[in-house]
Amino acid sequence: MKLCECGCGKEIKEDKRFVRGHYRRGKPSPLKGRKQSKEHIQKRVESRKGYKHFLETRKKQSESNKGKSRNKGKKRSLKTRKRISETLTGRKLSKKTRKRISETLKGRKRSLESRRKQSEILTGRKRSLESRKKQSESRKGMVFTEEHRKNMSISANNRIDPRYISGYFYSNKMQKEILYQSSLELRALELFEKDEDIWSIERYNLGSIKYRINRSYHSYNPDYFLNERIVIEVKPEWQLKDKKNLAKIKAGKKYCKERNLEFEVLTEKNLYKKHKNRKKLNIMKQI
């Protein structure tokens, strides 16, 4: 009985010295540290094009890799990420591949951190006309459920617009951060916080209000909801002359009247003491 000369203890044929692959066991690879030329790499890539593993082999590979993640926790360098981005740019996936990806992602929920990161990456990014046209065509005829439309409305209302002064105001009354999308909204939140008669401050989330302008219907969300009964719209004085804003305010008042709510519009006249023609509202007695 002849054994492998590497010392593994496995039996081999009489005319052999090593088990296949055991010749360099324990010795450094002769290819270690050697850099291959781009030409050589390209040749190797082209030689593998169109090659497909047997179903049995793919199944074995899939089972052996389950639960394993070689790149988990690994941070790629900027150079590597740039190279990956360049190789993937312009790549078109087949319908079959896209369908398979869609099925695997169904029901998967991303973490808040993941969503925040993606939001930061996409903020301020401008899409090409071609991209917008494609997206528009793909969404034609799409019907959303009432719940889906409500969720879209809330997310649009809570979006930070990089074009204006926007951010989050921490309310001690509510023990949470509240979004503001302009300097006037920030001023309004500061006054709501100081006023003793206001005990509840929320970003408006009762659902979008529909209004009509130029024979077409649109929808919008007011800014704040106070004391669970007062809907607040914050607008600069000069914008109140605009037809679109007048239609919004008219629809908002009608919407609130039907639901036994109050609708108020706040401008710089209500929010700043130094303003010549300052108007004071009943809800803000302390300012």
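I'd like to know which of 102, 122, 89 lies farthest towards the positive end of the charge dipole of the stretch 80-126, counting +1 on Cβ of Lys and Arg and -1 on Cβ of Asp and Glu.
It is 102, whose Cα lies furthest towards the positive end.
Could you compute the FRET efficiency for residue 40 and residue 81, with r as their C-beta to C-beta distance and R0 at 22 Å, rounded to 0.05?
0.35
Residue by residue through the stretch 41-52, what is 3J(HN,Hα) from phi via Karplus (6.51 cos²θ - 1.76 cosθ + 1.60, θ = phi - 60°)? Round to whole Hz and write x for glycine and proline.
Coupling constants for the stretch 41-52: 4, 4, 4, 5, 4, 5, 5, 8, 5, x, 6, 10 Hz.
Extending each Cα 7 Å along its Cβ direction at residue 17 and residue 183, get the distance between those two points in nm, one decimal.
Roughly 8.4 nm, to one decimal.
Mind listing the phi-derived Karplus ³J(HN,Hα) values for the stretch 79-96, rounded to whole Hz, using 6.51, -1.76 and 1.60 with θ = phi - 60°, and x for any glycine or proline?
Values per residue, Gly and Pro as x: 4, 5, 5, 5, 5, 5, 4, 5, 5, 8, 5, x, 6, 10, 8, 6, 4, 4 Hz.
Can you report the principal axis dimensions of the chain using only the alpha carbons, biggest first, rounded to whole angstrom?
Largest first, the chain extends 105, 44, 35 Å along its Cα principal axes.
Pick out, from 78, 232, 50, the residue whose Cα sits farthest towards the positive end of the charge dipole of the chain, with +1 on the Cβ of Lys and Arg and -1 on the Cβ of Asp and Glu.
50
Report the gain in length on full extension from residue 269 to residue 190: 0.36 nm times residue separation, minus Cα-Cα distance, nm rounded to one decimal.
This chain segment gains 26.9 nm when fully extended.
I need to check one value: relative contact order of the stretch 167-271, counting alpha carbon pairs closer than 8 Å and at least 6 residues apart, in percent.
Relative contact order comes out at 23 percent.
Return an integer: the convex hull volume of the alpha-carbon atoms of the stretch 167-271, in Å³ per residue. List each step's numbers first, then the result.
Details: hull volume 10.4 nm³, N = 105.
Hull volume normalised by residue count: 99 Å³.
Tell me, what HN-Hα J-couplings in whole Hz come from the Karplus equation 6.51 cos²θ - 1.76 cosθ + 1.60 at θ = phi - 60° for each residue of the stretch 235-241, using x for Gly and Pro?
Coupling constants for the stretch 235-241: 9, x, 4, 5, 7, 6, 7 Hz.
Which residues in the stretch 61-93 place their backbone N less than 15 Å from a point set 7 Å from the Cα of residue 8 along the Cα-to-Cβ direction?
Taking a point 7 Å out along Cα→Cβ of residue 8, no residue of the stretch 61-93 has its backbone N under 15 Å.
For the stretch 1-84, state which chymotrypsin sites (Phe, Trp or Tyr not before Pro) are in a DSSP loop and have at most 13 other beta carbons lying within 10 Å of their beta carbon.
Sites meeting the loop and neighbour criteria: 23, 51, 54.
Just need the relative contact order of the chain here, percent rounded to a whole number, with Cα pairs under 8 Å and 6+ apart.
Here the relative contact order equals 9 percent.
Please give the calculated 222 nm ellipticity per residue for the chain, where each DSSP H segment of at least 4 residues contributes -39500 (n - 2.57) and the sum is spread over every residue; nearest 500 deg cm²/dmol? Intermediate values should be presented prior to the final figure.
Working: 10 runs with 109 residues, N = 287.
It lands at -11500 deg cm²/dmol.
With a 10 Å Cβ neighbour count serving as the proxy for reagent exposure, in which order, fewest first, do 43, 92, 248 appear?
Fewest-to-most ranking of 43, 92, 248: 92, 43, 248.
Based on other C-beta atoms within 10 Å, arrange 45, 143 from fewest to most.
Result, fewest neighbours first: 143, 45.
Using R₀ = 30 Å, calculate the FRET efficiency as 1/(1 + (r/R₀)^6) where r is the Cβ-Cβ separation of residue 241 and residue 166; round to 0.05.
0.80
Can you compute the equivalent ellipsoid semi-axes for the stretch 18-58, i.e. the square root of 5 times each eigenvalue of the Cα gyration tensor, sorted largest first and rounded to whole Å?
Result for the stretch 18-58: semi-axes of 25, 22, 7 Å.
Roughly how big is the stretch 167-271's charge dipole about its Cα centre, with Cβ charges of +1 (Lys, Arg) and -1 (Asp, Glu), in debye to the nearest 20? Mind dumping the intermediate values first?
Details: 20 positive and 17 negative charges, 181 e Å.
Approximately 860 debye in magnitude.
Which far-off residues, 5 or more places away or on another chain, put their amide H under 5 Å from the one on residue 178, with H placed in the peptide plane?
169, 170, 171
Based on the Cβ-Cβ distance of residue 152 and residue 61, what FRET efficiency does E = 1/(1 + (r/R0)^6) give at R0 = 45 Å, to the nearest 0.05?
Computed FRET efficiency for residue 152 and residue 61: 0.65.
All of the numbers you see were taken from the coordinates with simple rules; none came from a lab. Just so we're clear, the structure is a prediction, and the values are computed from it rather than from any experiment. Heads up, the Cβs are rebuilt from the backbone with ideal geometry, glycines too, and the neighbour counts pull from every protein chain shown.
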